[in-house]
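Undergrad: Just passing along the structure, written as structure tokens.
Just so it is clear, none of the values below were taken in a lab; they were calculated from the coordinates. The structure presented is a predicted model; accordingly, all values stated were derived computationally and were not measured. Note: ideal-geometry Cβ built from the backbone for every residue, glycine included; neighbour counts use all protein chains shown.
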Amino acid sequence: MRKLAEDMHIGYFDRPDNKGAKAGNLNHALGLTNAPYVVTLDADMIPRSNFLLNTIPYFIDAKKRSEDLPEDKKIRLGLLQTPQCFYTPDVFQHALYAEKSAPNEQDFFYRTIEVARTSTNSVIYGGSNTILAREALDSIGGFFTETITEDFATGMLIESKGYVSLALPEPLASGMTPHTYKEHIQQRKRWGRGVISTAKQLHILRRRGLYFMQKLSYISSMVYWYSPIKSLIYIISPLMFAVFAIPVFKCGWLDLMIYWLPMFIMQDVCLRVFSGNAVSLKWSGIYETSVMPHLLIPVIKETFGIKATKFEVTDKAKRKTARKTDIRSMIPFIVLVALCVAGIIRSFYLLSRIRAMGVFVLLFWLFRNMYFLIMSLFLVDGRDSDNDEAEVIDAELIEVKRIDSEDGAVLEGITTYLTEHSMKVFFDEDSGLRIGENVDVYIQKDDMDVCRRCVVTGRKSSRSGGKSVYSLELINPLEDNEDYLQIIYDRIPSLPQSLVKDYGLTYHMLRNIAFRILRQDK
């Protein structure tokens, strides 16, 4: 890393110890620099070229607006959070074959919840893709070092000093997500434990400088990590009666129609509307059910002060991952699915004896819970992966020059697929390119004229004739590739930004079953 930084003329700081871990490293770097603003980025994040142009003006504007104001009226912008976006499918998109139909699981938080928290000046500092004012950091003595979620604590302390926080909905940097369910759970355990620990350490309810709405907002952030308890209750309650004949509550069909049904419908409508159709009741159920068995105990332990024995960083290294059956992680889901099946069988038996509305309601909850549990099993089961590259499906105008052609013919087309090592090109007329032929591909974008030498590796012709898509492989993709990499990464990733055809439960279930039987990757 030092050699890479030197080659790119970038400052590189290290230190003899690791006191304070990541926060300690950041504080050490603060002491060796003097710029008025600090940007923090996770190592896997790639900022877009307009990152600073779209963020720093907010700080300048706040200063200009405050020039003629008295000290107690000045606007002091302390931090600005932009979304943590990802150019590779997250574990839900990938493992559940939903990379073309569902957005990243974190999009709802960063593009909706964070932006909404601006109104109460309680934006959560997410640790990456963030700009902080040095004076705000200096006012709290630097990054907070006494917790594993130093970002959460640092942001709250900055706001308690009277600084303003903002969150933007526009993605300005993209990175990689955890590859497997195990890494996903490891990450969420760290976040959950860290938030609960920080809330206890910093005494949110008694924290001076935070007003009521800020405290309420931060308390809600902590309470969220207790959602595994809610999920467990939702799953266990119908099983108690369906399997063990233990009544949990008494409720008539009229009560359900008046109180529960409108709430259930509006809950899904509100999630879709306020998130910009980024999340639904179905996907929310999958997210929460999938973490419930493995997050429940760590959260309870942290509540009672039982700390984790060691700190583990989420592994995001690029690599080929093969599907591995993690039986240990599957056991809680398998047990609960078996109980749901037993409950469904017993409920149908009851239905044959008594025609009661309550049995139909019971069956609804059993089938609903079993769906979430089965999807969680598919998530744990995972999916083979041999590509962690960014995949760009946006169309770029290109020119293809035939090297071996006597007349040096130039063909015009558009890209349908781009990665670091390959591309697919569409021509609306017969190009005459041959498999194995070398070509020069010219891509013009944002005043850049990029040329890459490629070899033709495949062709797919249209049934209507003439139109065709060619597969090209880059020759020496690592040589002089900075401009080409900018074309790939200097954009919003080509992954869904909202749910696509997300109505009903059977489609995703059947899709996962079919692909797992056929063992197909796409």
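Undergrad: Per-residue counts of other Cβ atoms within 10 Å, averaged by peptide: what ranking do you get for 83-92, 50-59, highest first?
TA: 83-92, 50-59
Undergrad: Further question on the same structure: Using only the alpha carbons of segment 2-223, what is the convex hull's orientation-averaged projected area in square nanometres?
TA: Value for segment 2-223: 13.8 nm².
Undergrad: Please compute the length gained on full extension between Ile475 and Ile414, using 0.36 nm multiplied by the number of residues separating them and subtracting their Cα-Cα distance.
TA: Value of the extension gain: 20.0 nm.
Undergrad: Moving on to the next point. Defining a contact as two alpha carbons under 8 Å apart and six or more residues distant in sequence, what relative contact order in percent does segment 228-387 show?
TA: Averaging sequence separation for qualifying contacts and normalising by length gives 36 percent for segment 228-387.
Undergrad: Let me have the relative contact order for the chain, percent, based on Cα pairs under 8 Å that are six or more residues apart.
TA: Numbers: 800 pairs, mean separation 84.8, N = 522.
The normalised contact order for the chain reaches 16 percent.
Undergrad: Collect residues whose amide H, placed 1.01 Å from N in the peptide plane, falls under 5 Å from the amide H of Tyr37; neighbours closer than 5 in sequence don't count.
TA: Residues meeting the amide H criterion: Arg134.
Undergrad: Still on this model: Output the peptides 239-249, 116-126, 371-381 sorted from most to least packed, where packing is the average of other Cβ atoms within 10 Å over each peptide's residues. Walk me through the intermediate numbers first.
TA: Values: 239-249: 13.8, 116-126: 20.4, 371-381: 22.5.
By packing density, highest mean first, the sequence is 371-381, 116-126, 239-249.
Undergrad: Consider the candidate values [x] 40, 31, 19; [y] 107, 31, 20; [z] 42, 37, 21; state which one is semi-axes √(5λ) of the Cα gyration tensor in Å computed from the structure displayed.
TA: The value matching this structure is [z].
Undergrad: Using only the Cα atoms of segment 228-387, each taken as one equal point scatterer with no solvent, compute I(q) by the Debye sum, divide by I(0), and report log10 of the ratio at q = 0.12 Å⁻¹.
TA: For segment 228-387, the Cα-only Debye profile gives -0.70.
Undergrad: Can you list the residues, at least 5 places off or on another chain, whose amide H is less than 5 Å from the amide H of Tyr417, using H built in the peptide plane?
TA: Lys424
Undergrad: Binning every alpha carbon pair distance of segment 397-489 at 5 Å from zero, what are the percents per bin?
TA: Going from the shortest bin to the longest, the percentages are 3, 14, 27, 27, 17, 9, 3, 1.
Undergrad: With +1 on each Lys and Arg Cβ and -1 on each Asp and Glu Cβ, how big is the dipole of the chain about its Cα centre, in debye rounded to the nearest 20?
TA: Here the size comes out at about 3180 debye.
Undergrad: Give me Thr419, Thr82 sorted ascending by neighbouring Cβ count inside 10 Å, so fewest comes first.
TA: Ordered from fewest to most neighbouring Cβ atoms within 10 Å, Thr419, Thr82 come out as Thr419, Thr82.
Undergrad: From the residues Cys451, Val39, Ala116, which one has its Cα farthest along the dipole of the chain in the positive direction, the dipole being from +1 and -1 charges on Cβ of Lys/Arg and Asp/Glu about the Cα centre?
TA: The residue sitting most towards the positive pole is Ala116.
Undergrad: A further question follows. Indicate, rounded to the nearest 5 percent, the antiparallel portion of the DSSP beta bridges found entirely in the chain.
TA: Roughly 90 percent of the DSSP beta bridges within the chain come out antiparallel.
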